[in-house]
Amino acid sequence: MPVSIRDVAQRAGVSVGTVSNVLNRPDEVSADSVDRVSRAIEELGYVRNDAARKLRAGISTTVGFVVLDGQNPFYNDVVRGAEDEATRHGIAILYGNTDEDHGREKLYLDLFEEQQVRGLLIAPYGDVTARLQRLRARGIAAVLVDRFSGDGRFSSVSVDSVIGGRLATDHLIESGRRRIAFVGGPFDIRQVNDRLAGARAAAENASARVEVEVVATAAMTVEEGAAAGTRILARPRRDWPDALFAANDLLALGLLQSLVVDGRVQVPDDIAIIGFDDIPFAAAAAVPLSSIRQPSRMIGRTALRIVLEEAADPDSIARQTVFQPELIVRASTRPR
């Protein structure tokens, strides 16, 4: 059984209140009592339960983090960034993966509300505004991650996905591509819509005629990317696009896999591929993938700092932190 504060008091021959004072207000206790309690703590190996103490005081030592896709290394890096910052503040991260499922998202939000976490970080699937307002009413601060707060009700930390979509498509156009397929979905995910909007804006502003078609996927996974690639290659060759812009790198890796296995396509000579996120696997692919880089760890660190600040000051004004994406060019989009 773990050693309790009562055990320490009994060994030291003092009251429980005296032990508590030694631990929390030693300047109010006699030197003799401090010495006796300190010896008892050492002899018994007592370890203070700081988390329980803070919980009794109404201060949670945990922050919940709900992510959209736990298989995506991008979100793993975002969580790592949040954990790095949390460690500096003595905070633990409770993590939940919704896997792009509304039911799982609700389950984690219910759990973190019951746990009375100090704050919540969430990369949402769909609209969670009403639920976050409920959490705020219960004293739980919430910050959107990888999602811009359009109405400004909540703080958010994100990358400009519209600009990212334009960067990717402008690069493909400059590389000589004119028939571009945007591969992504589901469109309940705001980032997918934003990246497609950026692609269309780039095509509209191009000096040459550029077509952007949409190849929808049910999820943002390698498997869905491979399936999309198979559907594209099932068309007559004259109907193939000459470039693929994937809404994330997992989709791009699946597309690349399907094209390489098929054997009829040379990447990038026949079809160029660019992804989004610049996860570590992008550079290590059979044909190194061009991508749009997001500062993943910085996103996590920044979001954690903001949620702790808002937990300490519930009247603080919501802020929107938007990082700029960066184009990373590799072999998969070599110019013609």
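Quick notes on this structure:
- Residue ID - least open to solvent (accessible area, probe 1.4 Å), chosen from residues in the range 193-219 that are in contact with a Pro (Cβ under 8 Å, 6 or more places away or on another chain) and among the hydrophobic types (A, V, I, L, M, F, W, C): ALA219
- When each of ARG293, ARG264, ARG231, ARG297 is tested for being touching a residue at least 40 places away in the same chain (Cβ under 8 Å) and open to solvent by 10 Å² or more (accessible area, probe 1.4 Å), the lone residue that passes is ARG297.
- Unique residue being surrounded by fewer than 24 Cβ atoms within 10 Å (Cβ to Cβ) and small (Gly, Ala, Ser) when the list is ALA272, ALA318: ALA318
- Residues that are surrounded by 13 or more Cβ atoms within 10 Å (Cβ to Cβ) and free of Cβ contacts under 8 Å to residues at least 24 places away in the same chain, drawn from the range 36-50: SER38, ASN49
- Tally of residues being open to solvent by 60 Å² or more (accessible area, probe 1.4 Å) and over 16 Å from ALA311 (Cβ atoms) across the range 92-118: 9
- Where ALA286 falls short, out of the listed (1) at pLDDT below 95; (2) closer than 22 Å to ASP146 by Cβ; (3) touching a helix residue (DSSP H, G or I) at 6+ places or on another chain (Cβ under 7 Å): (2)
- Qualifying residue in the range 239-251 (condition: in contact with an Asp or Glu (Cβ under 6 Å, 6 or more places away or on another chain), modelled with pLDDT of 95 or more and either under 19 Å from PHE187 (Cα atoms) or crowded, with 19+ Cβ neighbours inside 10 Å (or both)): yes
- At least 3 residues being within 21 Å of ILE122 (Cβ to Cβ) and either in contact with a strand residue (DSSP E or B) (Cβ under 6 Å, 6 or more places away or on another chain) or among the basic types (Lys, Arg) (or both) is the threshold, and among the helices (runs of 4 or more DSSP H) wholly inside the range 242-336 those reaching it are 296-312.
- Candidates in the range 152-190 are the residues that are open to solvent by less than 50 Å² (accessible area, probe 1.4 Å) and within 16 Å of ILE317 (Cβ to Cβ); of these, the one that is modelled with the lowest pLDDT is GLY152.
- Test: residue in the range 159-167 that is of a type in the set (A, V, I, L, M, F, W, C) and in contact with a Leu (Cβ under 7 Å, 6 or more places away or on another chain): yes
- Options ASP84, ASP151; residue that is touching a residue at least 60 places away in the same chain (Cβ under 8 Å) and not small (Gly, Ala, Ser): ASP84
- Boolean, ASP127 is open to solvent by 10 Å² or more (accessible area, probe 1.4 Å) and in a loop (DSSP other than H, G, I, E, B): yes
- The single condition among (1) touching a residue at least 60 places away in the same chain (Cβ under 8 Å); (2) touching a Lys or Arg at 6+ places or on another chain (Cβ under 7 Å); (3) not charged (D, E, K, R) that PRO280 does not satisfy is (2).
- Lone unmet requirement of (1) touching a residue at least 12 places away in the same chain (Cβ under 8 Å); (2) in contact with a Phe, Trp or Tyr (Cβ under 7 Å, 6 or more places away or on another chain); (3) open to solvent by 20 Å² or more (accessible area, probe 1.4 Å) for LEU121: (3)
- None of SER149, SER60 is in contact with a strand residue (DSSP E or B) (Cβ under 8 Å, 6 or more places away or on another chain), part of a loop (DSSP other than H, G, I, E, B), surrounded by 14 or more Cβ atoms within 10 Å (Cβ to Cβ) and polar (S, T, N, Q) except SER149.
The values are calculated or read from the model by the stated rules, or taken from the named source; none is laboratory data. This structure is a prediction, so every number in the text was calculated from the model and none was measured. Every residue, glycine as well, gets a Cβ built from its backbone with ideal geometry; the counts of neighbours run over all protein chains shown. With ligands, DNA and RNA removed, areas are computed over all heavy atoms of the protein, side chains included. Shrake-Rupley method; radii C 1.70, N 1.55, O 1.52, S 1.80 Å.
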